[in-house]
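Enquirer: One structure, as structure tokens, below. Some questions next.
Values quoted throughout were computed directly from the atomic coordinates according to the rules given, and no laboratory measurement underlies them. The model shown is predicted, which means the values in this text are computed figures rather than measured ones. We place every Cβ from the backbone using ideal geometry, glycine too, and count neighbours over all the protein chains shown.
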Amino acid sequence: MASSMKAVVKTGPEYGAELKEVPVPDPASGQVLVKIQRTSICGSDFHIYKWNKWAEKNVNPPQIMGHEMAGEVVALGEGVTSVEVGDFVSAETHIPCGQCYQCKTGLQHICVKMKILGVHTDGVFADYAVIEEVDIWKNDPAIPARYASIQEPLGNAIDTIRAGEVAAKHVLITGAGPAGLLAIPVANAFGAASVIVTEPNDYRRELAKEMGADFAINPLEEDLEALVAEVTSGIGVDFVAEMSGSSAAINQGLKQITPGGKIALLGVPDGPVEIDLSPDLIFKAIEMIGVTGREMFQTWFIARRLLKEEKINIEPVITHEFPLEDFAKGMELMKSGNCGKIVLKP
């Protein structure tokens, strides 16, 4: 094994990142060294790249970026027993403390002392990466590496859609970024009666149709209320999966929910959101659910089954694949919005 490797490093508190030659890390006790086969760009990676307010509060450069991956285990730290050299793995990105109330009561994914791979630690935009044993997920070898590398955001979509218990229900997905796009086949696999998607970006609206949306409209130019009334016979949608973080989309979604319906929010707004609680939430008895990441590890089992049994087709969402050296091209595509999921190959 080489002593050094290529890595995408956030070098300072400013726009951009650099491809650098850095030492290959050694796995400490309870850690695993993985040779990265594929990694993919998340919206949070782009936030770090452009250095927004969230990144300022959470990331301490210099630091290797990235958290979505698939690869092969090449070395084990002391005490590791659940994984072997040669295993094909991905990584849950929540790093729980294992000791707090949430961790002790089956809620590791919302640990109060949570760290995030590639945010609070060195990440996976590299030839090799160290992963905590608690976060290692053994992949089925039948799943291609490019699919295995996006199971983490697929898990976001799965948990959001699961919150709506969508079988035979009308679903509205607000925002067709990668997570929103992945939510479409998940909703269909779970038996949704119809899937309506709102997305201002032309490129992503077309992707939404490819991913199986029944309707994909521009909410800034088209009449969402009229469409929902037509599709649901005037009842309103049963469930909204809010994937955009847009204040306007949250409020627009709430207005389309039938009384007694649900909304799950995965998108992260830039700041406070004003909601007219009385008519849009309280008097309609709406259930509002916050979704953060994935459940450890129920979501991963669902993702594995959906992929292995080919219950969903995620191929259209992978719109670009670049060598790791061309990571900046991927970041600029993220900036334009004219992409789905971007996969990098070290």
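Enquirer: Take the stretch 49-112, compute every pairwise Cα distance, and split them into 10 Å bins from 0; I just need the percent in each bin.
Expert: 16, 30, 40, 14
Enquirer: Can you tell me the orientation of helix 298-308 relative to the chain, as the angle in degrees between its alpha-carbon axis and the longest Cα principal axis, to the nearest 10?
Expert: Relative to the chain, helix 298-308 is tipped by roughly 90 degrees.
Enquirer: Ok, one more. Quick one: length gained pulling ASP140 to ALA226 fully straight, 0.36 nm per residue minus the C-alpha distance?
Expert: 26.5 nm
Enquirer: Given contacts defined as C-alpha pairs under 8 Å and at least six residues apart, what's the relative contact order of the stretch 161-290, whole-number percent?
Expert: 24
Enquirer: As I understand it, the dipole of the stretch 115-270 uses +1 on the Cβ of Lys and Arg and -1 on the Cβ of Asp and Glu, about the Cα centre. Which of VAL119, LEU182, VAL240 lies farthest toward its positive end?
Expert: Highest projection toward the positive end goes to VAL240.
Enquirer: If you don't mind, there's one more thing I want to ask. In the structure displayed, which of LYS209/LYS284; LYS10/LYS262; LYS255/LYS335; LYS20/LYS53; LYS169/LYS345; LYS50/LYS341 lie more than 27 Å apart, Cα to Cα?
Expert: With Cα atoms farther than 27 Å apart: LYS209/LYS284; LYS10/LYS262; LYS255/LYS335; LYS169/LYS345.
Enquirer: With 10 angstrom as the radius, rank TYR203, TYR15, TYR49 by how many other C-beta atoms surround their C-beta, starting from the fewest.
Expert: Fewest to most other Cβ atoms nearby, the residues stand as TYR15, TYR203, TYR49.
Enquirer: Okay, moving on. If you take every DSSP beta bridge whose two residues both sit in the chain, what share of them, in percent to the nearest 5, is antiparallel?
Expert: 55
Enquirer: With +1 assigned to the C-beta of every Lys and Arg and -1 to the C-beta of every Asp and Glu, and no other charges, what is the dipole magnitude of the chain about the Cα centre in debye, to the nearest 20?
Expert: 400
Enquirer: Quick check: residue separation of HIS120 and SER4 times 0.36 nm, minus the Cα distance between them. What number comes out in nm?
Expert: Taking HIS120 through SER4 to full extension adds about 39.6 nm, to one decimal.
Enquirer: Do any GluC sites (Glu not before Pro) in the stretch 63-153 lie in a loop, going by DSSP, with at most 16 other beta-carbon atoms within 10 Å of their beta carbon, and if so which?
Expert: GLU78, GLU84
Enquirer: Could you give the dipole magnitude of the stretch 101-236 about its Cα centre, charging the beta-carbon of Lys and Arg +1 and that of Asp and Glu -1, in debye to the nearest 20?
Expert: Value, rounded to 20: 520 debye.
Enquirer: Over the stretch 116-195, calculate the relative contact order: mean separation of alpha carbon pairs under 8 Å at least 6 apart, over the residue count, as a percent.
Expert: 25
Enquirer: Right, here's the next one. Mind checking which of ILE161, TRP137, SER194 is farthest towards the positive end of the chain's charge dipole, using Cβ charges of +1 (Lys, Arg) and -1 (Asp, Glu) about the Cα centre?
Expert: TRP137
Enquirer: If we count other beta carbons within 10 Å of each Cβ, what is the order of PHE125, PHE322, PHE88, PHE283, fewest first? Don't skip to the end; give the middle numbers.
Expert: Values: PHE125 29, PHE322 16, PHE88 19, PHE283 10.
The fewest-first ordering by Cβ neighbours comes to PHE283, PHE322, PHE88, PHE125.
Enquirer: Return a whole-number percent for the relative contact order of the chain, with Cα pairs under 8 Å and 6 or more residues apart as the contact set.
Expert: It rounds to 18 percent for the chain.
Enquirer: Size of the dipole of the stretch 1-69 about the Cα centre, Lys and Arg at +1 and Asp and Glu at -1 on the beta carbon, nothing else charged, in debye to 20?
Expert: Computed charge dipole of the stretch 1-69: roughly 100 debye.
Enquirer: Would you order VAL197, VAL34, VAL59, VAL85 from fewest to most other beta-carbon atoms within 10 Å of each residue's own beta-carbon?
Expert: Starting with the residue having the fewest Cβ neighbours, the order is VAL85, VAL59, VAL34, VAL197.
Enquirer: While we're on this one: When the chain is fully extended, how far beyond the present Cα-Cα distance does VAL85 get from ASP26, taking 0.36 nm per residue of separation?
Expert: On the way: separation 59, 0.36 × 59 = 21.24 nm, distance 1.43 nm.
Length difference between fully extended and current span is 19.8 nm.
Enquirer: While we're on this one: Check cross-link reach from LYS6 to the aspartates and glutamates: straight Cα distance under 16 Å, and skip same-chain residues fewer than eight apart.
Expert: In chain and number order, the partners are GLU18, GLU21, ASP26, ASP122, ASP127, GLU325, ASP326.
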